[in-house]
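Student: One structure, as structure tokens, below. Some questions next.
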Amino acid sequence: MSDSSTHGRSPVRAGAEPFIAPGGRVGVLLSHGFTGSPASMVPWGRRLAELGHTVTVPLLPGHGTTWQEMNTTTWRDWYGELDAALTDLREQCDWVAVCGLSMGGALALRLAEQRPEDVDALVLVNPAIAMKRLDLKAVPLLSRVLPSIGGISNDIKQPGQDEVAYARTPLKALASQLQLWRDVRENLDRVTAPLLMFRSLEDHVVDATTADLVMKGVSSSQRELVELRDSYHVATLDHDAEFIMERSAQFIADHAPLP
């Protein structure tokens with residue numbers, strides 16, 4: 001797994017650094033979302049580390065630096081970073097849960113599709129693999145002539161929170177994310193891991209399409225959808241963050257082998 005110094009030409013922004021906490025034989029891999037950074041996941045990761053788990057929150061390539069740099073990366077780069085982090089965790093741990101926010105949820109689902117023997121449980125927060133927005137269909141063409149559009153960062157109800165994300169949305173990277181979504185949708189039935197999903201009832205970034213697709217499409221015998229009533233998209237930094245931490249910790253405790 002790369003460290004922050006190898007993520008590209010630009011220095012990593014303060015607060016966007018990756019997080020690693022050595023711990024016991026239960027591992028947790030957490031992935032931030034599109035144009036975001038580990039800042040959205042580190043408080044959750046710290047809480048799980050305090051419980052004795054081995055925790056990793058990678059910085060995905062092209063993130064945490066500049067949106068221009070992100071336009072030089074694709075979903076395969078982002079997935080590759082997470083894939084390598086999972087391999088590292090499997091070498092240290094007997095059991096691993098993968099947690100993802102927004103696009104991080106799509107990447108987590110793909111890991112569960114491609115490596116079912118290595119992903120023992122999934123926790124998703126407002127994951128994205130599809131949206132009803134018709135303007136997304138124009139993104140592949142638009143990305144050839146326009147470098148970026150307005151950003152989607154910090155959709156957080158609670159004041160004073162910052163996910164250290166880009167103020168602009170890089171369009172080449174967005175076009176690549178749409179390819180990731182399609183890939184994940186086509187293989188949802190490969191997902192067999194126990195699944196816990198949180199969905200904000202008021203989310204200004206992702207609509208309800210993904211939650212419906214995932215809940216109907218996965219093959220997991222255990223799957224649960226939990227609604228969040230006091231958070232926007234970045235719920236991991238919002239009013240329901242404490243609830244997400246407690247509920248996910250219990251979910252891991254219920255499924256992970258006893259130490």
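Student: Given the alpha-carbon gyration tensor of the range 88-190, what are the semi-axes of its equivalent ellipsoid in whole angstrom, ordered largest first, with each equal to the square root of 5 times an eigenvalue?
Tutor: Semi-axes (√(5λ), whole Å): 28, 19, 12.
Student: With label points built 7 Å along Cα→Cβ from the Cα atoms of Ala208 and Thr72, find their separation and express it in nm.
Tutor: 4.3 nm
Student: Take the range 1-90, compute every pairwise Cα distance, and split them into 5 Å bins from 0; I just need the percent in each bin.
Tutor: Over the range 1-90, the share of Cα pairs per 5 Å bin runs 3, 16, 26, 26, 16, 9, 4, 1 percent.
Student: Same structure, new question: Pull out the extension gain between Leu51 and Glu91, defined as 0.36 nm times the separation in residues minus the alpha carbon to alpha carbon distance; nm, one decimal.
Tutor: Additional length available on full extension: 12.4 nm.
Student: Quote the charge dipole size of the range 19-255 about the Cα centre in Debye, to the nearest 20; the model charges only the Cβ of Lys and Arg (+1) and of Asp and Glu (-1).
Tutor: It comes to approximately 660 debye.
Student: From Cα pairs below 8 angstrom and at least 6 apart in sequence, can you work out the relative contact order of the range 19-255, rounded to a whole percent?
Tutor: Relative contact order here is 22 percent.
Student: With the calculation restricted to Cα positions, what are the radius of gyration and Dmax of the range 38-159 in angstrom?
Tutor: 16.0, 49
Student: Separate question: How much space per residue, in cubic angstrom, does the convex hull of the C-alpha atoms of the range 19-255 take up?
Tutor: 105 Å³
Student: Taking 30 Å as R0, compute the FRET efficiency from the Cβ-Cβ separation of Val145 and Glu186 and round it to 0.05. Each step should come with its number before you reach the end.
Tutor: Working: r = 29 Å, r/R0 = 0.96.
That pair, Val145 with Glu186, gives E of 0.55.
Student: Sticking with this structure for a sec: Just grab the label-to-label distance for Ser10 and Glu246, each label 7 Å out from Cα along the Cβ direction, in nm (one decimal).
Tutor: Label at Ser10, label at Glu246, 3.9 nm between them.
Student: When all protein chains stay in place, what accessible area (Å², nearest 10, 1.4 Å probe) is found for Trp181?
Tutor: Trp181 has an accessible surface of roughly 10 Å² with all protein chains in place.
Student: Next question, about the same structure. When 1/r is averaged over all different Cα pairs and the result inverted, which Kirkwood radius in Å belongs to the range 73-124? Can you show the working numbers first?
Tutor: On the way: mean 1/r = 0.0915 Å⁻¹.
Taking the inverse mean of 1/r over all distinct Cα pairs, the range 73-124 comes out at 10.9 Å.
Student: Across the range 208-259, how large is the tail of the calculated P(r) beyond 15 Å, expressed as a percent of all Cα pairs? Please report the intermediate quantities before stating the final value.
Tutor: Working: 794 of 1326 pairs.
The share of Cα pairs beyond 15 Å in the range 208-259 comes to 60 percent.
Student: Between Leu136 and Gln114, what length in nm is gained on full extension when 0.36 nm per residue of separation is reduced by their alpha carbon distance? Mind showing how you got there, number by number?
Tutor: Working: separation 22, 0.36 × 22 = 7.92 nm, distance 2.63 nm.
Contour length minus the Cα-Cα distance gives 5.3 nm.
Student: How would you order 226-238, 153-165, 102-114 from highest to lowest mean count of nearby Cβ atoms within 10 Å?
Tutor: 102-114, 226-238, 153-165
Student: Report, in degrees rounded to the nearest 10, the 0 to 90 angle that the Cα long axis of helix 75-92 makes with the longest principal axis of the chain.
Tutor: 20 degrees
Student: Next up: Among Thr210, Leu188, Ser148, flag the residue with its Cα farthest along the positive direction of the charge dipole of the range 19-255, charges on Cβ as +1 for Lys/Arg and -1 for Asp/Glu.
Tutor: Ser148
Student: In degrees between 0 and 90, to the nearest 10, how far off the longest principal axis of the chain does helix 103-114 point, with axes built from Cα atoms?
Tutor: Once rounded, the angle reads 60 degrees.
The values are calculated or read from the model by the stated rules, or taken from the named source; none is laboratory data. Just so you know, these numbers come straight off a predicted model, no measurement behind them. Note that each Cβ is placed from the backbone with ideal geometry, even for glycine, and that neighbours are counted across all protein chains shown. The protein model used for the area step is the full one, side chains on, heavy atoms only, and it has no ligands, DNA or RNA in it. Shrake-Rupley method; radii C 1.70, N 1.55, O 1.52, S 1.80 Å.
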